[in-house]
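The next block holds one structure in the form of structure tokens; read it before the comments.
The values are calculated or read from the model by the stated rules, or taken from the named source; none is laboratory data. Just so you know, these numbers come straight off a predicted model, no measurement behind them. Note: ideal-geometry Cβ built from the backbone for every residue, glycine included; neighbour counts use all protein chains shown. Surface areas here come from the heavy atoms of the whole protein model, side chains and all, with no ligands, DNA or RNA. Shrake-Rupley method; radii C 1.70, N 1.55, O 1.52, S 1.80 Å.
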Amino acid sequence: VVRVGGFGGADGLARYLAEAGIDQVIDATHPYAAQISAHAYRATRACGLPLWAVRREPWTAGPGDDWRTYDDWPALAVALLSFRRPLFTLGREPLAHLHEIPPGQHWTIRCLDPHPGQPRARVIADRGPFELDAERALFAREGFDVVISKNSGGDATAAKLAVARERGLPVLMQRRPELPAADRSFADVDALWEALP
């Protein structure tokens, strides 16, 4: 069964689990999908069901990396003031702030949603995985001076971090949200599949 859309919070999810006869829940959402993870935790506790979760390992800074963490949009807006050509890889959130682009800045926003952008913002509607050579070409063509990213982990979008390191660019990395505990956690989907009966 595929369901698109919300359940009506933790209580709605608990009702759905009971009505559908679900006997186990697997939280395989994005590391920044804190709300649905919290709802899944509350719903499974209310229903007495096991909760397993795929918790992708975060990226970690290595030699030559200049990573600076931030928590929310207001903090990011301040951190961006000294840059001219940021690359946003946060999803659609920057689209809500196109009216806030400071004078002298030009944004490039890579996200899944097509958007016309505006004279000082280019939107690239694309989905990873992104190859290293393609990222190098994009960075060289656009002249980015900072990368803004969520610490999503995984390989699909990690090439941007390698290119930022090669070019000596800072990365403004959004701190991961706290996620609720799960009865069992797995670093990737393959490990989860192996554990399923």
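At a glance:
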item	result
Fully extended contour minus Cα-Cα distance, from ASP126 to THR69, at 0.36 nm per residue	18.1 nm
CD proxy at 222 nm, helix term only [per DSSP H run n ≥ 4: -39500 (n - 2.57); per residue of the chain; nearest 500]	-9000 deg cm²/dmol
Where PHE7, PHE83 fall by accessible area, highest first, once all protein chains stay in place (1.4 Å)	PHE7, PHE83
DSSP bridge orientation in the range 50-188 - percent antiparallel, rounded to nearest 5	5
Listed residues ASP133, ASP145, ASP65, most fluctuating in the chain (Gaussian network, C-alpha, under 10 Å)	ASP133
With all protein chains modelled, accessible area of HIS97 [1.4 Å, Å²]	30
The range 63-146: Cα Rg divided by the 2.2 N^0.38 Å rule of thumb	1.09
Size of the range 17-73 as Cα extents on the principal axes (Å, biggest first)	52, 23, 14
Projected label distance in nm at THR60 and ILE36, using a 7 Å step from Cα toward the beta-carbon	2.9
Relative counts (whole %) of C-alpha pair distances in the range 1-146, using bins that are 5 Å wide	2, 7, 13, 15, 15, 13, 11, 10, 8, 5, 1, 0
Percent RCO, i.e. relative contact order, over the chain, from Cα pairs under 8 Å lying at least 6 residues apart	27
Most fluctuating residue given options ALA182, ALA158, ALA18, as computed from a GNM of the chain linking Cα atoms under 10 Å	ALA18
Surface per residue (accessible, 1.4 Å probe) for the range 20-128, Å²	54
Extension reserve of the GLU19-ALA162 stretch, reckoned as 0.36 nm per residue once the Cα distance is removed	46.8 nm
Cleavage-rule hits, trypsin sites (Lys or Arg not before Pro), the range 105-197, DSSP coil, Cβ neighbours within 10 Å at most 11	ARG127
